[in-house]
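The structure appears below as structure tokens.
Bear in mind that the values in this text are calculations on the coordinates, not laboratory data. Since this is a predicted model, take the numbers as computed values, not measurements. As a convention, Cβ positions derive from the backbone with ideal geometry for all residues, glycine included, and neighbour counts pool all protein chains shown.
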Amino acid sequence: MLALLFLPPVTPAFAAPAGKGSAVREIVSGIVSYTRWPALNDKPTLCIFSSSAYVSALQKGDADTRPYNPVTVQNEQEALASRCDALYFGLESPESQQAIVRQFAPRPLLTLSEQNPDCAIGSAFCLQIRPQRVTFSVNLDALSRSGVRVNPDVLMLARNKEHE
């Protein structure tokens, strides 16, 4: 029994790196704040896949000031039932992201991911979570098909490497 006290804590492989959660939350909040849905009268529902390392970080904050209503989902069926306005992917592959997004068509849908370094297919916004900083890139093709409008200043930030 005493040997158990000296075992290091086990963390899941998808646990968030220390200190990155607030940066991820700020970037996601900023993108959502500058996104417009054609017929949305309230805060958008952000469905966060449970495979994300940042589920708890994205749920933090005051509900009155957070620009979205967070909902954690286990799979695409739960996301469809939750009537998501935005999806935040964790470990889902870019191909899986595309397949899930197709289930929502033609509904306007903002998509973000944390495991899509190339950002060529899948989500419209891809967070690049590096040891020193968190940045993002944009898949303009996915964004143009999303049905949402994003302020051009956000798109310029993705192109401007000084925000890194």
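Does R107 meet the test of being surrounded by fewer than 18 Cβ atoms within 10 Å (Cβ to Cβ) and either β-branched (V, I, T) or more than 16 Å from Y54 (Cβ to Cβ) (or both)?
Taking the combined requirement at face value, the residue satisfies it.
(1) surrounded by fewer than 21 Cβ atoms within 10 Å (Cβ to Cβ); (2) more than 25 Å from K43 (Cα to Cα): which one isn't true of G147, the others all being true?
G147 satisfies all of (1) surrounded by fewer than 21 Cβ atoms within 10 Å (Cβ to Cβ); (2) more than 25 Å from K43 (Cα to Cα) except (2).
Taking the options D153, D141, D62, name whichever one is surrounded by fewer than 18 Cβ atoms within 10 Å (Cβ to Cβ), out of contact with any helix residue (DSSP H, G or I) (no Cβ under 6 Å at 6 or more places or on another chain), assigned to a loop (DSSP other than H, G, I, E, B) and not small (G, A, S).
Of the residues listed, the single one that is surrounded by fewer than 18 Cβ atoms within 10 Å (Cβ to Cβ), out of contact with any helix residue (DSSP H, G or I) (no Cβ under 6 Å at 6 or more places or on another chain), assigned to a loop (DSSP other than H, G, I, E, B) and not small (G, A, S) is D62.
Look at segment 34-59 and say how many of its residues are free of Cβ contacts under 8 Å to residues at least 40 places away in the same chain, farther than 19 Å from R133 by Cα and surrounded by 13 or more Cβ atoms within 10 Å (Cβ to Cβ).
The total comes to 2.
Since A57 meets every condition but one in (1) at negative phi; (2) not in a helix (DSSP H, G or I), which condition does it not meet?
For A57, the failing item is (2).
From the list P108, P67, which one is within 14 Å of G30 (Cα to Cα), part of a loop (DSSP other than H, G, I, E, B) and not hydrophobic (A, V, I, L, M, F, W, C)?
None of the others qualify; the one that does is P67.
Just one of Q115, Q132, Q97 is surrounded by 15 or more Cβ atoms within 10 Å (Cβ to Cβ), farther than 24 Å from W37 by Cβ and not small (G, A, S); which is it?
On the way: Q132 fails: surrounded by 15 or more Cβ atoms within 10 Å (Cβ to Cβ); Q97 fails: farther than 24 Å from W37 by Cβ.
Being surrounded by 15 or more Cβ atoms within 10 Å (Cβ to Cβ), farther than 24 Å from W37 by Cβ and not small (G, A, S) holds for just one of Q115, Q132, Q97, which is Q115.
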